[in-house]
Amino acid sequence: MKKILLLLLVSLGYVLQAQQKDYPIQAVAFTQVKLSDNFWLPRIEINRTVTIPASFERCESTGRVKNFVMAANKTGKFCTTFPFDDTDIYKTLEGASFSLAVHPDAKLSAYLDSLITIIGKAQEPDGYLYTARTINPKEPHAWAGKERWEKERELSHELYNAGHLYEAAAAHFMATKKRNLFNIALKNADLVCSVFGPGKLHVAPGHEIVEMGLVKLYRLTGKREYLNTAKFFIEERGRYKGYDSASKDSWKSGAYWQDNTPVVDQEEAEGHAVRAGYLYSAVADVAALTGDDSLLRAVDKIWNNVVDKKMYVQGSVGAIGDGERYGNNYELPNATAYNETCAAIALVYWNYRMFLLHGESKYMDVLEKSLYNGLISGVGLDGKSFFYTNAMQIKNSFSFPQMEATRSGWFECSCCPTNLARLIPSIPGYMYAVNEDNLYINLFINSSADLSVRNKPVQVIQQNNYPWDGNLIFTINPKAAAVFNLLVRIPGWAQNKAIPSTLYQFQNTSAEKPMIKVNGAVVDYTIVNGYATINKTWKKNDKVEVDLPMEVRRVVANEKLKEDIGKVALQRGPLMYCAEWKDNNGKASNIILPDNAVFTTEFMPELLNGVTVLKSEVPAVIINGNDISTVKQSFTAIPYYSWANRGKGEMMVWFPTAVKEVDLLAK
Ligand code: FUB
Ligand code: ZN
């Protein structure tokens, strides 16, 4: 009895400790929001009905599931390419669990259980789980090293696999309350904590995510060791002495792994962009949970660096293909833009955490920019074709290298499709947040949410046609009249800011201001930290209307972005636009958008599942034999996310505003 009491007190102690420090703002879970819109709900549905089943099918047909079966039987030969192929199953399991949480499906649930049984059997008795070694420990995968963890700093991905396992297990446990996958994850995490740490094995994980995963397990169990190990892994970075710090090669210097400098001294986003995004997310988590200011200062600086100098105009990051990494400051080439879909996903995870830390809308501006543009461009409208890289331009003639111009169903390294499978169902979880008397509305999606402010239940209903229209209606239904602050995000783009830095700006300042009405009466409001704040005693059916100006905006780049100089990009609301060959006489690279081009907009319900297009009459360069001239032709731009859904051809995001020079190239 005494023992039980002691255990109870200890676990209560854990929980109390766990509750001591955290993000000052709490997210409202995606399970509390029911969407009814035409933009995200169909995407979540297609993710549920097409992407997730297709991913599981690929995990089976490519041998990823077989790897687990062989590991369980300790016989056979690892039959896929990469040691991190296990994670495609974990990520799809995570997405399927999110989906189950809001859409019960006994058949899917049973299928997940069958996979979990196989995963459990592949786990070694002490918790180690990594098919690339367990199948045949005498001949592990070439990246894995002869001994466990020996190549973790480089490319073994043992801890990366663990991190995705933890994320999947947390999602599955929360969705189903079943402990089958959760217990597998905890057993593995206990092993990891027993192997790594002060006085034990020291290593900075070669591919981050184990840190985020450990934090999730800590939140669910209150076990401080998980948080401590996450912090330990972060603090291990920049300590290894085996790199050549003078080398410009990011592999040799350790920058590829964000391992060249201690995290607290890092000021620039460097190295592999997905690794980096997961690291910065974990740094935010650990800073919030431990109150470590030095980590907080570092992640703030790195964020400024990305947004000031390293982000494409449509919210993608990771410009450089060689090393799938961030480039130098202002190194954002269009012809070779890499922009891995996973890097955009990591950017969303990171920016949401930054918002939870600071309560400033600029983080949500970046999140929205990436989400509506460079992230969902990664999946085709069919839900089963994917971009690994997200191009900034496709030119058919004389351009090298040709970037990915069509989506594929799967990749040998198929991290992006399965990462999308887990991100998409969680999107309603980025809409609302609360702290004390504040209710934040961050994203605008037709929906109904049940949440609470200071423990008082409030329903929020959104009615809008975002991102096509800027009229937003919010009905606030507290269970009983309640005083609190409603903080409605006024996007930077509605305040004349293309992004929260001077990397890109609108060419002209708009005089239009968002208008806000409360119960039909126009109200004066001030914007604090990017939010219009309305304080009142809220009663059932109180109505807030926000009218965001939806003009077509011309975006120009900072003069340091040399190759965008003299060019313009187009934005309307949160969406960036591009021109595709299909709507523009078979080409896009010959289009000029002079300063005086006038744009009209039209919603086309039949096009690309319904999009608002931008139209104009503009000059296009025509080459006829040896004659070069321009002709006026009609111009149509579509949302960037929707390109490459109608076959292969040219696509442009940045357009010259005048013909300055002509390069003559011979075949
Ligand atoms: O290394 C695992 C994943 O494969 C990375 O996150 C992607 O960039 C790809 O390299
Ligand atoms: Zn990827």
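A few notes on this one:
- Normalised by the number of residues in the chain, the mean separation of alpha-carbon contacts (under 8 Å, six or more apart) gives a relative contact order of 12 percent.
- ³J(HN,Hα), Karplus 6.51/-1.76/1.60, whole Hz, each residue of region 199-209, x for Gly, Pro: x, 10, 6, 10, 7, 8, x, x, 9, 4, 2
- VAL611 long-range amide H proximity, modeled H, under 5 Å: MET604
- DSSP-loop GluC sites (Glu not before Pro) across region 514-586, with at most 15 other Cβ within 10 angstrom: GLU559
- When you filter the trypsin sites (Lys or Arg not before Pro) in region 27-126 for DSSP loop state and at most 10 other Cβ atoms inside 10 Å of their Cβ, you are left with LYS77.
- With R₀ set to 56 Å, the beta-carbon distance separating LYS121 from SER448 gives a calculated FRET efficiency near 0.85.
- At the listed q of 0.05, 0.09, 0.11 Å⁻¹, the Debye profile of the chain, built from one uniform point per Cα, gives log10 I(q)/I(0) equal to -0.23, -0.77, -1.15.
- Rounded to 0.05, the FRET efficiency of the LYS178 and ASN455 pair, given R0 = 30 Å and the Cβ-Cβ distance, is 0.55.
- Shape category assigned to region 62-236 from the gyration tensor of Cα positions, a/c cut at 1.5: oblate
- Segments 513-522, 214-223 sorted - mean Cβ within 10 Å per residue, highest first: 214-223, 513-522
- Ellipticity at 222 nm from helices only: DSSP H runs of n ≥ 4 in the chain, each -39500 (n - 2.57), divided by the residue count, give -10500 deg cm²/dmol.
- Inter-part distance, region 472-524 to region 424-438, computed on C-alpha centroids, equals 17 Å.
- Region 460-467 - phi-based ³J(HN,Hα) in whole Hz, Karplus 6.51/-1.76/1.60, Gly and Pro as x: 10, 10, 10, 10, 6, 10, 6, x
- Near the amide H of ASN471, within less than 5 Å, lie the amide hydrogens of ASN465, LEU548, all on another chain or at least 5 residues away, with H placed in the peptide plane.
- Alpha-carbon centroids, region 533-568 and region 195-262: separation in whole Å: 38 Å
- GluC sites (Glu not before Pro) restricted to region 106-207 and DSSP loop, no more than 13 other C-beta within 10 Å: GLU147
Throughout, read-outs are computed from the coordinates displayed, never taken from laboratory work. Every value quoted in this text rests on a predicted model; they were computed, and no experiment measured them. Cβ sites come from the backbone with ideal geometry, for glycine too, and all protein chains shown count toward neighbours.
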